[in-house]
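Undergrad: Before we start, here is the structure in question, set down as structure tokens.
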Amino acid sequence: MLHFVLVTSYCLPDQKIPETLRMVSNEYCVPFFHQGYQLFAPDPPPYQGILQINCMKNGVIHLMEPGVSSRLPDHFRLPRTADRLVIEMMADMRKNLYYDSDTLRYDLVQHGRGYLALIYMCANQYEMVHGVKPDSIQFNLDLLMVPENTDSLPQYQPYNFPWYAIRD
């Protein structure tokens, strides 16, 4: 009988049951019966990132798209790898961006695996195309936030990372 009460209270909307019963039913049901639908139908992220890369060499700035260039070998994994690294960097941004007073701080993201791997990939891509490593690289990421309400327009949120110096 207790099992059926706890499972039923777990399935009911939160506002229809007392808080203590909801907490007990969650503790009972979540470890054993909660179904995470991520395995079968993952929710698409509510944002899309558009990355622009600025590479500087001797004061001259070159725009670059990660994994794409007419001078690179045509390989399907290059753009896919770049896309995965951008997604990893955006995941780091969700966890590690913070404000110090009114200034957005990127330092924790710049020490993340996605950001550093993307820097490495872009520096090597620049070297393959131009024959030398760049002096520094900067990322400008425009996030297109998709609203839950379909009547609203998507919003852009720009993130302009500081220049990252490339060491020889």
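The values are calculated or read from the model by the stated rules, or taken from the named source; none is laboratory data. Since this is a predicted model, take the numbers as computed values, not measurements. Cβ atoms come from the backbone with ideal geometry, glycine included; neighbour counts cover every protein chain shown.
Undergrad: Regarding Gly131, is this residue surrounded by 15 or more Cβ atoms within 10 Å (Cβ to Cβ) and assigned by TED's automatic domain parsing to the domain that holds Glu65?
TA: Values: surrounded by 15 or more Cβ atoms within 10 Å (Cβ to Cβ): no; assigned by TED's automatic domain parsing to the domain that holds Glu65: yes.
No; evaluated as a whole, the condition is false for this residue.
Undergrad: Is it the case that some residue within the stretch 16-29 is under 20 Å from Trp163 (Cβ atoms), surrounded by 10 or more Cβ atoms within 10 Å (Cβ to Cβ) and at pLDDT 75 or above?
TA: Let us first name the residues in the stretch 16-29 that are under 20 Å from Trp163 (Cβ atoms), namely none.
The answer is no, given that none of the residues of the stretch 16-29 is under 20 Å from Trp163 (Cβ atoms), surrounded by 10 or more Cβ atoms within 10 Å (Cβ to Cβ) and at pLDDT 75 or above.
Undergrad: Is it fair to say Arg105 is within 14 Å of Pro162 (Cβ to Cβ), among the basic types (Lys, Arg) and either modelled with pLDDT of 90 or more or in contact with a helix residue (DSSP H, G or I) (Cβ under 8 Å, 6 or more places away or on another chain) (or both)?
TA: Details: within 14 Å of Pro162 (Cβ to Cβ): yes; among the basic types (Lys, Arg): yes; either modelled with pLDDT of 90 or more or in contact with a helix residue (DSSP H, G or I) (Cβ under 8 Å, 6 or more places away or on another chain) (or both): yes.
Against the criterion (within 14 Å of Pro162 (Cβ to Cβ), among the basic types (Lys, Arg) and either modelled with pLDDT of 90 or more or in contact with a helix residue (DSSP H, G or I) (Cβ under 8 Å, 6 or more places away or on another chain) (or both)), Arg105 qualifies.
Undergrad: From Ile166, Ile119, which residue is at pLDDT 85 or above and in contact with a helix residue (DSSP H, G or I) (Cβ under 6 Å, 6 or more places away or on another chain)? If you could, list the steps in order and put the result at the bottom.
TA: Numbers: Ile119 fails: in contact with a helix residue (DSSP H, G or I) (Cβ under 6 Å, 6 or more places away or on another chain).
Step by step, each of Ile166, Ile119 is checked, and only Ile166 is at pLDDT 85 or above and in contact with a helix residue (DSSP H, G or I) (Cβ under 6 Å, 6 or more places away or on another chain).
Undergrad: Ok, one more. How about the stretch 134-149: which of its residues are over 15 Å from Asn54 (Cβ atoms) and either over 25 Å from the mean Cα position of the chain (by Cα) or not charged (D, E, K, R) (or both)? Explain how you work it out, then say what you get.
TA: So in the stretch 134-149, the residues over 15 Å from Asn54 (Cβ atoms) come out as 143-149.
Across the stretch 134-149, the qualifying residues are Leu143, Leu144, Met145, Val146, Pro147, Asn149.
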